[in-house]
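First comes the structure, then the notes that go with it.
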Amino acid sequence: MKAFKQINGLVCPLDRANVDTDAIIPKQFLKSIKRTGFGPYLFDEWRYADHGEPGMDCSHRPLRQEFVLNLPRYKGAQILLTRDNFGCGSSREHAPWAIEDYGFQVIIAPSFADIFFNNCYKNGILPIVLPAAMVDRLFAECAANEGYRLSVDLESQKITFPSGESLGFDIQPHRKHCLLNGLDEIGLTLQHADEIKVFESRHKAVQPWLFA
Amino acid sequence: MAGKTLYDKLWESHVVREESDGTCLLYIDRHLIHEVTSAQAFEGMRLAGRKAWRAASIVANPDHNTPTDHWDEGIKDPISRLQVETLDANIKDFGALVYFPFKHANQGIIHVIGPENGTTLPGTTVVCGDSHTSTHGAFGALAHGIGTSEVEHVLATQTLVAKRSQRMLVKVEGQLGKEVTAKDVALAIIGKIGTAGGNGYAIEFGGSAIRGLSMEGRMTLCNMTIEAGARAGLVAPDEKTVEYLKGRTYAPKGADWDKAVAYWSTLKSDPDAKFDAVVELDAARIEPQVTWGTSPEQVLPVGARVPNPANEPDLQKRTGIERALQYMGLAADTPISEIKVDKVFIGSCTNSRIEDLRAAAKVVKGRKKAAGVKLVLVVPGSGIVKRQAEDEGLDKVFVEAGFEWREPGCSMCLAMNADRLEPGERCASTSNRNFEGRQGAGGRTHLVSPAMAAAAAIAGHFVDIRNQF
C-alpha cells in the first residue's frame, strides 16, 4: 500500500448526505477483475450525461457541467469534503479504488459508513471525521474562496487552514501506523502466525464441528 | 460485573490477540465468496505467493453476474463471463469447502445458500466481501461484510484486523399485525433510527416479536441491518434455529450435534448485560411499509402520503427530500397507494426464500398481473428454494398470473446481469436498496415486502394488503 504522510491539496465540496457506494461507482464497473482504472468512472451517473460502461474512453463523453467534479475550479482536487454517512451501502472496495484513482487522498465528513471507512485505510486514503459545525464552516469557506486548499499532516494529526489556524483530528494508532508507513497488513498479521495456530487448536477443541 | 451481550461473547471467543489500542486479530470461521469482490484478492495472494490459510472455511458461488434465464446459452456478457470464470479458476487453485459453479443444482445467492446448506452456524464468525453478510446474524453468528483487501487478509491469515463495535439492542415487543412481515419490521426500524443510526454498532434484535419470527424472517431482518448503518445484526439462537439447522448438509452430526446444541444454548445476552444504546418498537404499531425516496430511511406506512419538503425545518433534510422526490418523479403529498408501478421484482438476499415466495403466491393465486405492469420477475434465492417452490406448485401460480419464473441469482436487486430497470421505470421491489440507479440507471425503486410487491403487481399500484387480497 502507498503510504500517506501529508498533503496540501485543493478541496472539492460534494454537498450531499448519505452518498452511497452505488453512486460512487455504479455496478457495471464492478465486473472488472482489476484494482485500477476506476477513476474515470467515479460518480459516473452524476458526472456524465450518457450511460457509462466499463472500458469506455471517458475523454469525449458528454459531461453534466453542473456536477461539482466537472467545475474547472475543482480540477485536480485531492481533498473531498462531504456530508454525513459518506460511503453507505455496498461493501465494494471499488469505491475507494475509484476515489484514489481519481486523485483524492483525503475525505472529510461529519461521519462515514463503517465498511467504507475501513476500506479507505487499505488504500492509502485518509478519511477524517470532523464535527458537523466545522464541516459547515469548511463548505462555506470553500464556496467563498476559489482555489481553497487545506494542509493535512498525519504524523501530527493536524489540518491547517489557509489562515494558518489549525485543527486536530482523531485516528486509531494502529491505522495511523499502517498508513504512515504504507504497511502490508497481511505481512504484519503473519508475524503472529504461531498465535493464530495456537488459537485455532484451542477453538477446535471448543467447536470441533467447525473443523469436521 | 455486568453480564455480557451476545455480541461480546461472540467477539471474545474469536480474539486471537489484542493490541494496546484495542485493535484485535479476530479469527474467522466461515469465508463466503462471490465473483464480484474476490478476483483482486486472489490475484494479490498469487502475486505474494500465498496459499489459503484454511480452504475448508470457504463457501463460494457466483451470483451477481449470472443470468436468470436461458441458462443453456451461458453468460452472454463477456465481462461478466470472465468474472465468473475467474472465480471458477480461483476456487480450483485455492480450494473450498463448498463451491457451486454457475448452473449447479444448488447454486444461488451466497446469503441464501450458506444457511440452507448448514454452513452458517451459531457461535461462528462469518465474513464475505458483501455488505449483506449481516444476514447470517439471524443464526447468532457474528457476520458482516468486508472489503476486498480484507477478503485477501482472511484468505491469507484466517483473521481480520478489527475493533469491537458498540452494542445496540433493538427490542420489538408484542404481536405483529396481520400481513406485517420481517421486511416491514426492518424498514420501520430503519425509518426510526435512519441509515446512519447503526454506524459503529452491532445490533442485537430482541423482544417477543423477534422471537416470533421464523428463521427466514430473522434472515430478512438481519440482512437489512446494514441499511441501518450497522455492519452486523444478531438474533440469539433458540429452538427455531436448532430446528432449522438439524439435518442440513454441513450442520454437525451425531455426538457433535448434541455438543453443538448445548454450546449454542449459551449464546444469548445475559439478563444484566449492558447495551450502549437501546431502541424499542411496539410490534402492533408497525404497518406494511413502502419506501418513497432514494434511501431506505425514506420510508412510510402504505396508508401515508409522500412527504412535503415544505414541512421539513432542517435545510439539509429538506434538500434531501426535494432531491429524492425529483429523482423518483413524485409530487409532494401524493398518497402512496396512488403510485403506479412499471415492474415488480420479487427476489434478492433479503426476500427470495421459500417463505417469501409462499407469501407472494398467496396474494397472487387465481389473479392476473395488472395490464399496466410490464414485467414481474420472481427470482428464487437458490436452486434448492426453486425446487421446493416448484414442488409446492408456486411457480404455476406465478406463471398463470403472467409473472416470470426465473433461475436463481441476485438479478435485479443490483442489475449486474441483464435484469434491470430502464431510465424512469418504477419498480416495487423486495430487495434492500432504493439508491439512485441501483436497479438500473435512472430506475426508481420502492422497497416492500413480498406480499406487498405481489399485490402491487396485481393492482398496478401500491395497495394496503390488510384491506385487499
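The values are calculated or read from the model by the stated rules, or taken from the named source; none is laboratory data. Note that the structure is a prediction, hence the values are computed from the model and not measured. Virtual Cβ from ideal backbone geometry, glycine too; neighbours counted across all protein chains shown. Ligands, DNA and RNA are excluded from the accessible area calculation, which covers all protein heavy atoms including side chains. Shrake-Rupley method; radii C 1.70, N 1.55, O 1.52, S 1.80 Å.
Worth a mention:
- The phi torsions of segment A:114-128, fed into the Karplus equation with coefficients 6.51, -1.76 and 1.60 and a -60° offset, translate into couplings of 4, 5, 4, 4, 5, 4, 4, 5, 7, 10, x, 9, 9, x, 10 Hz, rounded to whole numbers, with Gly and Pro shown as x.
- Rounded to the nearest 20 debye, dipole of the protein assembly as shown from Cβ charges on Lys, Arg, Asp, Glu: 460 debye
- Farthest towards the positive end of the charge dipole of segment A:6-181, among the residues A:Gly89, A:Asn118, A:Tyr148, is the Cα of A:Asn118, using unit charges on the Cβ of Lys, Arg, Asp and Glu.
- Rounded to the nearest 20, the Cβ-based charge dipole of chain A about its Cα centre (Lys and Arg +1, Asp and Glu -1) stands at 300 debye.
- Cut-off under 5 Å, modelled amide H: who pairs with A:Tyr148 long-range: A:Val11
- Euclidean distance of C-alpha centroids, segment B:261-339 and segment B:108-134, integer Å: 26 Å
- The alpha carbon convex hull volume per residue for segment B:134-279 rounds to 135 Å³.
- Counting only Cβ charges, +1 for Lys and Arg and -1 for Asp and Glu, the dipole size of segment A:60-129 around its Cα centre is about 260 debye.
- Evaluated at q = 0.07, 0.12 Å⁻¹: base-10 log I(q)/I(0), Debye formula over Cα of chain B: -0.34, -1.04
- By the rule of a C-alpha distance below 17 Å, with chain neighbours fewer than 8 residues away ignored, the aspartates and glutamates paired with B:Lys274 are B:Asp8, B:Glu12, B:Glu204.
- Residues in segment B:14-21 carry Karplus couplings, in order, of 10, 7, 7, 7, 10, 7, 5, 8 Hz; the curve used is 6.51 cos²θ - 1.76 cosθ + 1.60 with θ = phi - 60°, and Gly or Pro positions show x.
- The three principal axes of the Cα atoms in segment B:196-240 give end-to-end lengths of 31, 15, 14 Å, sorted in falling order.
- Fraction of alpha-carbon pairs over 14 Å apart in segment A:1-72 - percent: 66 percent
- Among B:Ile339, B:Pro78, B:Cys128 - extreme Cα towards positive end, dipole of chain B, charges at beta-carbon: B:Ile339
- Centre-to-centre, using Cα atoms only, segment B:216-257 and segment A:62-76 are separated by 47 Å.
- Each of B:Ala389, B:Gly460, B:Leu155 was scored by the projection of its Cα onto the charge dipole of the protein assembly as shown, and the greatest displacement toward the positive side belongs to B:Ala389; charges sit on the C-beta of Lys, Arg, Asp and Glu.
- Quotient of Cα Rg and 2.2 N^0.38 Å for segment B:115-171, N being how many residues it contains: 1.17
- Relative frequency of Cα-Cα separations exceeding 35 Å in the protein assembly as shown, percent: 39 percent
- Of interest is the spacing of the C-alpha centroids, which for segment B:64-93 and segment A:89-130 amounts to 29 Å.
- Probe 1.4 Å, protein heavy atoms only - accessible area per residue of the protein assembly as shown in square angstrom: 35 Å²
- Note on A:Arg61 and B:Asp256: the model spin-label points, each 7 Å out from Cα along the C-beta direction, lie 4.9 nm apart.
- Spread of Cα-to-Cα distances over 5 Å intervals beginning at zero, given as percent, for chain A: 1, 7, 13, 17, 17, 15, 10, 7, 5, 3, 2, 1, 0
- For the residues of B:188-201, the average number of beta carbons from a partner chain within 10 Å of their own beta carbon is 3.
- When both bridge partners sit in segment A:6-181, DSSP labels roughly 50% of those beta bridges antiparallel.
- In chain A, the longest principal axis of the Cα atoms and the axis of helix A:193-206 are about 60 degrees apart.
- Helical contribution to [θ] at 222 nm, DSSP H n ≥ 4, -39,500 (n - 2.57), averaged over the protein assembly as shown, rounded to 500: -9000 deg cm²/dmol
- Flagged links, alpha-carbon separation over 24 Å, of B:Lys340/B:Lys369; B:Lys343/B:Lys368; B:Lys76/B:Lys183; B:Lys76/B:Lys369; B:Lys178/B:Lys365; B:Lys246/B:Lys268: B:Lys76/B:Lys183; B:Lys76/B:Lys369
- A:Ile107 long-range amide H proximity, modeled H, under 5 Å: A:Leu80, A:Leu126, A:Ile128
- With each label modelled as a point 7 angstrom along the Cα→C-beta vector, the B:Trp71-A:Asn145 pair spans 6.2 nm.
- Partner shielding of A:110-116 amounts to 6, given as the average count of beta-carbon atoms from other chains within 10 Å of each residue beta-carbon.
- Lys-Lys pairs in chain A that are eight or more residues apart or on separate chains and whose Cα atoms lie under 18 Å of each other come to 9.
- Histogram of C-alpha separations across segment B:4-43, 10 Å bin width, %: 23, 36, 30, 11, 0
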